[in-house]
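Nothing in this text is a laboratory measurement; each read-out follows from the coordinates by a stated rule. Keep in mind the model is a prediction, meaning the values are calculated, not measured. Positions of Cβ are generated from backbone atoms using ideal geometry, with glycine treated the same way; all protein chains shown enter the neighbour counts.
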Amino acid sequence: MREVGLESNDETLQFAARLIAGEIDLVVFLTGVGVRAMVDIVQTCFNKEEFLEALRRVKIAARGAKPSTALRELKIPVHAISEEPSTWRELIRAMEESFGASLRNMRVAVQEYGASNPEFLEELSTRSADLLKIPVYQWALPEDLQPMRDCVSALVAGEIDVVLFMTAVQVIHLFQVAEQMALVKEITEHFNRSLFFRLDRLPPRSWRTTEFGRTLNRHGRRWVFLSMKRRSIHAGFSMRKETKD
């Protein structure tokens, strides 16, 4: 996948105006790309240093290391950082631990990544006074689709044993390419015979919009939860390979 700009940046510019006016208490950054994209957009209409000074005056939360690094490069202090695996649940927990009861009175702005995260926004809205979402870019299919077509063909042919999805949008993109190839049914059948792993505790809502997600729900597919600690992945299960006589 690739990050591409939006047709309109009005929401980002409206956020910048509210931030400079002192109408925002907490800004949540989800990606390092988003930090840089936001600054690039804002400086087309506002003074860059004035915007950065406004960010330094409010509380800042970051989802993991990448946005934290991008913010510190701009000399913006970060008050809450989620721990690995840095899903939205860890981010909510980090904000609750850092801001406590004051979070309920905060006017919060969230820099979104390439797709909106309704679960995160819903949970955060119940814990804050006001919530503003700021889309700064979107995810699109890669320009060169041949590697994805090769992947779909190999999956359908049974030539791949393990597929690792790092984000929900990768599932959506895979099925978009499969649809272009008229292989949605075949790839769904392949995944229905598979064992699934995830870092988060629940399949993202966006996964469920695909035939893949609907099939998982329909068949009561079991997920194996993985936890990532110190660069090692641990799973509490064992597998037995069945053999035929």
Where a ≥ b ≥ c are root eigenvalues of the Cα gyration tensor, a/c under 1.5 meaning rounded, otherwise prolate if a/b exceeds b/c and oblate otherwise, segment 2-139 counts as rounded
Apply the Karplus curve 6.51 cos²θ - 1.76 cosθ + 1.60, θ = phi - 60°, to the phi angles in segment 175-183 and return the couplings in whole Hz, x for Gly and Pro. 6, 5, 5, 4, 5, 4, 8, 6, 10
Pairs of alpha-carbon atoms within less than 8 angstrom and 6+ residues apart define the contacts here; what relative contact order does segment 18-125 have, in percent? 34
Can you put 144, 130 in order, fewest other beta carbons within 10 Å first? 144, 130
Taking placed amide H atoms and a strict 5 Å upper bound, the residues 5 or more places from residue 131 or on another chain that come that close are 108
Whole-Hz Karplus ³J(HN,Hα) for segment 90-96, in order, using 6.51 cos²θ - 1.76 cosθ + 1.60 and θ = phi - 60°, x for Gly and Pro? 5, 5, 4, 4, 4, 5, 5
With θ set to phi - 60° and the Karplus curve 6.51 cos²θ - 1.76 cosθ + 1.60, what are the ³J(HN,Hα) couplings of segment 52-69 in order, to the nearest whole Hz, using x for Gly and Pro? 5, 5, 5, 5, 5, 8, 10, 6, 10, 10, 9, 8, x, 6, 5, x, 4, 5
Counting only DSSP beta bridges with both residues in segment 2-139, what percent are antiparallel, rounded to the nearest 5? 10
Distance in nm between label sites at residue 96 and residue 10, each 7 Å beyond Cα in the beta-carbon direction? 3.6
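Using a cut-off of 14 Å between beta-carbons, work out the net charge of the residues near residue 48 (Lys and Arg +1, Asp and Glu -1, residue 48 not included). If you can, show how the numbers build up before the last one.
Working: positive: 36, 56, 75; negative: 40, 49, 50, 53, 73.
Around residue 48, the charge tally is -2.
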